[in-house]
Structures are given as structure tokens and as C-alpha cells.
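Visitor: Can you read through this structure? Questions will come right after.
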Amino acid sequence: MSIFFTSDLHFGHEKAISHTNRPFTDVEEMNRVLIENINETVGWKDELWILGDFSHRINKEEAQVLRKQIKCKHVHLVYGNHDKNYEGTGTFQSTQYYKELKTEYGRFVLFHYPIADWNAKHYGTVHLHGHIHSTGEYNRRNLERKADELFAEGHTAKDSALSYRIYDVGVDANDYKPVSLEKIAELMGVSRAEKEVPSTNPLTK
């Protein structure tokens, strides 16, 4: 099983095409291509984390029809500012506003919005987000930065060469496709051998 991330699909949102300069002629094409891209990338037994804004400007029933077209059993939603409340509907395997995901590459902090500081950032944890509809340049620029330049007061990096481990998983920054855990880890130089840092966040207990 592999883990994948995406965000800001905005299924059903016609104006998303013009607002974010998406290469689609209409909302039907956008919905179809985004679903095809997911199904060509993510397998049935894989795990897909959607970090917000699954749909916009359509009702819950229409959004659920689109979700059923995604051929992946394990789809999780971290709520964004445009999402309906899907709790108890069975649409997603899990729903939450914030998640700290333990992986073979260490902890990943999942939130719809980009934040300046996150749990155990100075130890090298990775923050994945969406919301800002960035281009690929945003991620490329962050991969070149060093985290010790960007810590909140009172935090010191465990390693002066620690990379700035923040990544926009939104479709607009990733060729309209989900991005894998392995690819993000490779881009950031995160090794499987890195030791897990105990969480001090009560939300993850």
C-alpha cells in the first residue's frame, strides 16, 4: 500500500478554472480529468489524503457521486474552508480538521492551510497543506530554503542544514495529480531511518 496526497480539487466549481488558470474548457472536463488522474495514480488498496476543498458550489449529494468515481477504498478528508460536513455519511474513510500522520519517513502534519510553525518542525517533521493554489514554483522555492532561517522564537534546529519541510499538495502545484509520500520524502531528503519524534500535541493523543 502506498500513501498519496492531494488538495483543492474544487469539483463542480466552474470559476476554479479561470481563478487558477486551469487548462480545462469547462467544469465537466475538469471533474473528469481530475478523477482520471487520481485513478491512474492511486490504486484501490492505496491511501489517499485530500487536504481540503474536495468540492465547491455543488451540494453534498453531487459531491458524493463524484467521490464514488474515485477507485480507491481508503480516501480521507482533512476539511478545507469549502467542504461540506461528511461525518457519519461513509463518503470518506475518515474526516478531520487536522492530522498528524505517522509514516515510515516520520511524522507528517496535515492541515488545509499553510502554517508558519508546526509540531516538531525543528526536528524535521513535514507539513503538507493546500488552500493557496500555488504553482510548482512555490514548492521548488521552499525546497531550496533552510528551516533554521524560519523558526519561531525559542526553537532551534537540530541540524543547521535542515531543509524547510513544507509542501503544497494541491492539484495546481502538482500537474493536477496526487503526489506520493515517497516523492515528497525524496524531494526533501527525508530518510526512512530518521527517528520518530514523540508528539507533544494533545490533538494527536
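The values are calculated or read from the model by the stated rules, or taken from the named source; none is laboratory data. Being a predicted model, the structure only gives us computed values, none of them experimental. Here the Cβ positions follow ideal geometry from the backbone for every residue, glycine too, while neighbour counts run over all protein chains shown. Surface accessibility is based on the protein's heavy atoms, side chains included, excluding ligands, DNA and RNA. Shrake-Rupley method; radii C 1.70, N 1.55, O 1.52, S 1.80 Å.
Visitor: Run the simple label-point estimate for residue 25 and residue 175 please: 7 Å along Cα→C-beta, distance reported in nm.
Guide: For the pair residue 25/residue 175, the computed spacing is 2.4 nm.
Visitor: Largest first, how would 171, 65 line up by accessible area (1.4 Å probe)? Present the calculation step by step, with values, prior to reporting the outcome.
Guide: Details: 171 0, 65 85 Å².
Ranked from most to least accessible, the order is 65, 171.
Visitor: Still on this structure: What nm distance separates the two modelled labels at residue 65 and residue 33, each placed 7 Å from Cα along Cα→Cβ?
Guide: 2.2 nm
Visitor: Another question about this same structure. Send over a whole-number figure in Å² for the accessible area per residue of the chain, probe 1.4 Å.
Guide: Per residue, the chain has an accessible area of 50 Å².
Visitor: Percent of accessible area on the stretch 1-54 owned by carbon and sulfur, 1.4 Å probe?
Guide: Numbers: 1140 of 2310 Å².
Carbon and sulfur atoms account for 49 percent of the accessible area of the stretch 1-54.
Visitor: Would you mind computing the Rg to Rh ratio of the stretch 44-202 from its alpha-carbon coordinates, Kirkwood style for Rh?
Guide: Over the Cα atoms of the stretch 44-202, Rg/Rh equals 0.98.
Visitor: Return the single residue from 48, 162, 128 with maximal mean-square fluctuation; model: Gaussian network over the chain, springs between Cα atoms under 10 Å.
Guide: 162
Visitor: When a/c is below 1.5 the answer is rounded, else prolate if a/b is larger than b/c, else oblate, so apply that to the stretch 1-132 with a ≥ b ≥ c taken from the square roots of the Cα gyration tensor eigenvalues.
Guide: Taking the square roots of the gyration eigenvalues as a ≥ b ≥ c, the stretch 1-132 is prolate.
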